[in-house]
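I have a structure I would like to understand better, so I am pasting it below and will then ask my questions one at a time.
The values are calculated or read from the model by the stated rules, or taken from the named source; none is laboratory data. Small disclaimer: the values here were computed from a predicted structure and weren't measured. Neighbour counts are summed over all protein chains in view; Cβ atoms, including those assigned to glycine, are modelled from backbone coordinates with ideal geometry.
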Amino acid sequence: MKFTTKVRYGMRAMVEIAKVDQKIGILQKDISERQKISIKYLDHIIKSLKNAKLIANIKGKKSGYKITRSSSEITLFEIHSAFENEIAVIDCLRDCVSCEMEQTCLTFPFWTGLNNLVVEYFSNATLEDLVNKREF
């Protein structure tokens with residue numbers, strides 16, 4: 001299983017946004033510089049985070065970004081979901097895949113259990129945990 005660059009960079013961008021004064025926000029160029037993410041690529045990340053209603057502009061288009069809720073209320077699963085529809089440790093667990101072996105595969109319960117653990121891990125970790133450098 002591999003997490004996409006958008007998911008990883010999205011988490012990094014969210015940490016930068018959560019760390020600043022929410023009345024002022026942070027400019028996209030500052031996120032780009034601090035996290036070494038190109039402005040062009042960050043545009044896509046910001047758009048996805050805004051569409052997921054995880055961030056918003058302070059005042060209009062050229063202003064800073066802020067998180068829309070407390071960092072303790074935003075889970076890493078929500079951030080992941082801004083970029084990917086699901087977490088699947090193997091392809092046959094994807095919603096869009098129908099596996100002909102599902103009923104007879106003796107390893108299917110193992111993979112399902114592992115997948116559930118990963119989803120639970122993402123769901124129980126918050127943006128605040130990342131900002132506060134909590135040990136997982």
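In the stretch 56-114, how many are touching a Leu at 6+ places or on another chain (Cβ under 7 Å), touching a residue at least 60 places away in the same chain (Cβ under 8 Å) and either over 15 Å from ILE17 (Cα atoms) or polar (S, T, N, Q) (or both)?
Counting residues in the stretch 56-114 that are touching a Leu at 6+ places or on another chain (Cβ under 7 Å), touching a residue at least 60 places away in the same chain (Cβ under 8 Å) and either over 15 Å from ILE17 (Cα atoms) or polar (S, T, N, Q) (or both) gives 3.
Only residues that are surrounded by 16 or more Cβ atoms within 10 Å (Cβ to Cβ) and basic (Lys, Arg): list them for the stretch 54-76, please.
Of everything in the stretch 54-76, just one residue is surrounded by 16 or more Cβ atoms within 10 Å (Cβ to Cβ) and basic (Lys, Arg), namely LYS66.
State whether one or more residues within the stretch 77-89 are crowded, with 16+ Cβ neighbours inside 10 Å, in contact with a strand residue (DSSP E or B) (Cβ under 8 Å, 6 or more places away or on another chain), at pLDDT 95 or above and part of a loop (DSSP other than H, G, I, E, B).
Looking through the stretch 77-89, none of the residues is crowded, with 16+ Cβ neighbours inside 10 Å, in contact with a strand residue (DSSP E or B) (Cβ under 8 Å, 6 or more places away or on another chain), at pLDDT 95 or above and part of a loop (DSSP other than H, G, I, E, B).
Next question, about the same structure. For a quick check of your reading: which helices (runs of 4 or more DSSP H) sit entirely within the stretch 1-53 and have at least 2 residues that are aliphatic (A, V, I, L, M) and crowded, with 20+ Cβ neighbours inside 10 Å?
Hits in the stretch 1-53: 5-19, 39-51.
In the stretch 40-76, what residues are of a type in the set (A, V, I, L, M) and either at pLDDT below 95 or more than 18 Å from the chain's Cα centre (by Cα) (or both)?
Once the filter is applied, which keeps residues that are of a type in the set (A, V, I, L, M) and either at pLDDT below 95 or more than 18 Å from the chain's Cα centre (by Cα) (or both), the stretch 40-76 yields only ILE58.
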